[in-house]
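I have placed the structure first, in the form of structure tokens, so that the comments after it can refer back to it.
The values are calculated or read from the model by the stated rules, or taken from the named source; none is laboratory data. Just so you know, these numbers come straight off a predicted model, no measurement behind them. In this analysis, Cβ positions are derived from the backbone assuming ideal geometry, glycine residues included, and neighbour counts consider all displayed protein chains. These accessible areas exclude ligands, DNA and RNA; they are computed on the full protein's heavy atoms, side chains included. Shrake-Rupley method; radii C 1.70, N 1.55, O 1.52, S 1.80 Å.
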Amino acid sequence: MAAPTLVTGAAGFAGSHLVDLLLAQGRDVVGWYRPGAPLPTCAGVRWRAVELLDRADVQAAVDVDKPTRVFHCAGAAHVGQAWEHTTKALAANALGTHYLLDALSRSSADARVLIPSSGLVYAPSTELLREDHLLRPASPYGVSKLAQEMVGIGAVGGPRVFIARPFNHFGPRQAPIFVTAAFARQIAEIEAGDRPPVISVGNLEARRDLTDVRDTVRAYDLILEHGVAERPYNVCSGTAFPVSHILEALLRRSSVSIRVEVDPTRYRPNDTPLVVGDRTRIGTDLGWEPRTTLDTTIDDLLAYWRQRVAQV
């Protein structure tokens, strides 16, 4: 039997969409999820509860399956939370990656590992960010993701490591601690009569490079299969939209009238005005480009939250 594909954080946002893609390819998938969380319901996956910050637990899980293809989607993913819980973000993203790579080097030395880093490892700029741009993150989250990259590249004698640098990606299943999902959930709850017709917002002027999550995980698969080890690839659209653009698009789709109120407590300590990437490398090397339109992603995101709210 061929060795399985492992997805850490398989029950999370990007991880769950990646699992869908791998199952559609006919892959044998092992999914790790956080101990204490409900057992995920996705069929066709062999689920394991694994604590990434427990070295022995990680080693034992790797020893069982000896995966040769690994997508390391687990870790701290929220920029704002990393400001408040910096130690946790660094531990989850850097130390958890170290434990995983070390376990693989002992059990599956020929493994290929995809590490999803972040476009926030770059120094802030008003220009398109290329892979050779200065690495100087402006947030604890960005620092933790750069540390994660360095752990991967610095591993000696272990699995081959492939680096994706995704920029903002969104779509159905994203947790409402993220801004686009928070907007969509509030609209769905207002439409259902579960809350007053008011949305509280933070900074709407920040411009972000947005890609559908399903396009993002398709890029992960291409990078692991056909990319060059340790060569980073931006995963982005190359176009930035202000947060207000997404909110306005969602409001146009609402069946009720909604008022928008600014809440200063929602502002981050250091909110970079513009983050937009250059996708030339991944397009030239791997033939990847976004396929999903912004309107389709917004439609799917709102439909997802309407369904979730209706089920409560």
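Scanning segment 259-312 for residues that are of a type in the set (D, E, K, R), closer than 23 Å to G142 by Cβ, open to solvent by 80 Å² or more (accessible area, probe 1.4 Å) and assigned to a helix (DSSP H, G or I) yields one hit, R266. Residues that are modelled with pLDDT under 95, more than 21 Å from S117 (Cα to Cα) and surrounded by fewer than 20 Cβ atoms within 10 Å (Cβ to Cβ) do occur in segment 187-201, at least one of them.
Taking into account only those residues within segment 208-246 that are within 14 Å of T297 (Cα to Cα) and charged (D, E, K, R), which is most open to solvent (accessible area, probe 1.4 Å)? Taking the candidates together, the pick is R214.
Go through D212, D110 for me and flag whichever is out of contact with any strand residue (DSSP E or B) (no Cβ under 6 Å at 6 or more places or on another chain), at pLDDT 95 or above and within 27 Å of I282 (Cβ to Cβ).
D212
Scanning segment 1-21 for residues that are hydrophobic (A, V, I, L, M, F, W, C), surrounded by fewer than 24 Cβ atoms within 10 Å (Cβ to Cβ) and not in a loop (DSSP other than H, G, I, E, B) gives F13, L21. Every listed requirement among (1) more than 26 Å from R259 (Cα to Cα); (2) open to solvent by 10 Å² or more (accessible area, probe 1.4 Å); (3) touching a residue at least 60 places away in the same chain (Cβ under 8 Å) is met by F162 save one, (2). Restricting attention to segment 217-275, the residues being under 24 Å from G158 (Cα atoms) and acidic (D, E) number 3. Inside segment 82-115, residues that are over 23 Å from D63 (Cα atoms) and either in contact with a Lys or Arg (Cβ under 8 Å, 6 or more places away or on another chain) or not polar (S, T, N, Q) (or both) make up a count of 7. Only one of the numbered conditions (1) over 19 Å from the mean Cα position of the chain (by Cα); (2) more than 22 Å from R130 (Cβ to Cβ) is not met by R291, and that is (1).
The strands (runs of 3 or more DSSP E) falling completely within segment 42-118 that include 2 or more residues that are surrounded by fewer than 21 Cβ atoms within 10 Å (Cβ to Cβ) map to 45-49. Quick check, is A249 in a helix (DSSP H, G or I), farther than 17 Å from R165 by Cβ and either in contact with an Asp or Glu (Cβ under 6 Å, 6 or more places away or on another chain) or open to solvent by less than 20 Å² (accessible area, probe 1.4 Å) (or both)? Yes; evaluated as a whole, the condition is true for this residue.
Being part of a loop (DSSP other than H, G, I, E, B), over 27 Å from C236 (Cα atoms), among the basic types (K, R) and open to solvent by 10 Å² or more (accessible area, probe 1.4 Å): is that true of R173 here? When the stated conditions are applied, R173 does not pass them. Evaluation of Y99 against the conditions (1) within 30 Å of W305 (Cβ to Cβ); (2) touching an Asp or Glu at 6+ places or on another chain (Cβ under 9 Å); (3) not charged (D, E, K, R) shows that the sole unmet condition is (1). Scanning segment 216-246 for residues that are touching a Gly at 6+ places or on another chain (Cβ under 9 Å) and part of a helix (DSSP H, G or I) turns up T216, V217, L222, H226, V243. Test D278 against the criterion of being under 30 Å from R27 (Cβ atoms) and among the acidic types (D, E), and give yes or no. No.
Of all residues in segment 22-31, which are surrounded by fewer than 22 Cβ atoms within 10 Å (Cβ to Cβ) and at negative phi? Listed by number, the residues that qualify are L23, A24, Q25, R27, D28.
The listed residues are A103, A94, A60, A82, and the only one of them that is at pLDDT 90 or above and under 27 Å from Q174 (Cα atoms) turns out to be A94.
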